[in-house]
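What follows is a single structure, written as structure tokens, with notes after it.
The values are calculated or read from the model by the stated rules, or taken from the named source; none is laboratory data. Predicted model, so just to flag it, every value in this text is computed and none were measured. Here the Cβ is made from the backbone with ideal geometry for all residues, glycine too, and neighbour counts use every protein chain on show.
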Amino acid sequence: MENKKNLAGKRFGRLVAVADSGKRIHHSIGWACHCDCGKIVIVQSRNLLSGTTKSCGCLQKEMAKKKFTKHNGSYTRLYHTWGNIKTRCLNPHNRDYRYYGGHGITVCEEWKNDFVKFRDWALTHGYKKGLTIDRINNNGNYSPQNCQWVTRSENAKKGNKQKGFIFKIIKIKNK
């Protein structure tokens, strides 16, 4: 049987030993420990003393989340906008590809594979909820130099002006 060392009040990582639980786990004293996250767990004294156990499990979850999370923006409207830009410019199977990628419009290298760079540009260049991305030159690519944030109605007006201009050109050519 293990030496009964009093660990009450001692900190082990995120755990503070509160009291001997009265349970024995594989011939080791089980200590009731309070984790910084608020949970109470019973941990073998040998695991506390060796540093094997440092939390209730929350530390491991946190580390895994950090490891597998690139930017923490996957479910945001801005991420959805970025994905739509790429799809309509780069995916020939997208229904709007013919208006974008099919006309040679693409996404700049800076944004193509880096949502964080797109997000940082957007947040420092007027992005707000309710605005939509607009290419200043409709024949130009999606890039920091050619994009801005406008309301849907401003974008629609611009689109109508472009269509009117094209319609006049077609009308003149057909005369």
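Which pairs turn up if I take residues in region 93-107 that are in a helix (DSSP H, G or I) and look for partners that are polar (S, T, N, Q) with beta carbon separation below 7 Å, at least 6 apart in sequence or on another chain?
Y97/N91
Can you find a residue in region 69-82 that is outside the structural domain of D114 (by TED's automatic domain parsing), in contact with a helix residue (DSSP H, G or I) (Cβ under 9 Å, 6 or more places away or on another chain), in a loop (DSSP other than H, G, I, E, B) and modelled with pLDDT of 95 or more?
no
Is it true that some residue in region 30-47 is under 30 Å from R11 (Cα atoms) and under 23 Å from the mean Cα position of the chain (by Cα)?
no
Residue-wise test of (1) surrounded by fewer than 16 Cβ atoms within 10 Å (Cβ to Cβ); (2) at positive phi; (3) acidic (D, E).
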residue	(1), (2), (3)
K61	yes, no, no
R77	yes, no, no
R88	no, no, no
H93	yes, no, no
H103	yes, no, no
W111	no, no, no
D134	no, no, yes
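Residues in region 39-62: is at least one in contact with a strand residue (DSSP E or B) (Cβ under 8 Å, 6 or more places away or on another chain) and under 23 Å from K117 (Cβ atoms)?
no
Any chance you could count how many residues in region 23-50 are outside any strand (DSSP E or B) and under 19 Å from K4 (Cα atoms)?
Adding up the residues that qualify gives 8.
For region 92-136: of the residues being basic (K, R) and within 17 Å of R152 (Cβ to Cβ), which is modelled with the lowest pLDDT?
Result: K129.
Got at least one residue in region 141-160 being part of a helix (DSSP H, G or I), at pLDDT 95 or above and either crowded, with 16+ Cβ neighbours inside 10 Å or among the polar types (S, T, N, Q) (or both)?
No: region 141-160 contains no residue that is part of a helix (DSSP H, G or I), at pLDDT 95 or above and either crowded, with 16+ Cβ neighbours inside 10 Å or among the polar types (S, T, N, Q) (or both).
For region 1-51, how many residues are of a type in the set (G, A, S) and in contact with a Cys (Cβ under 6 Å, 6 or more places away or on another chain)?
Going through region 1-51 one residue at a time, the tally reaches 1.
Among the residues of region 102-116, write down those that are within 14 Å of the chain's Cα centre (by Cα) and closer than 13 Å to I85 by Cβ.
N113, D114, F115
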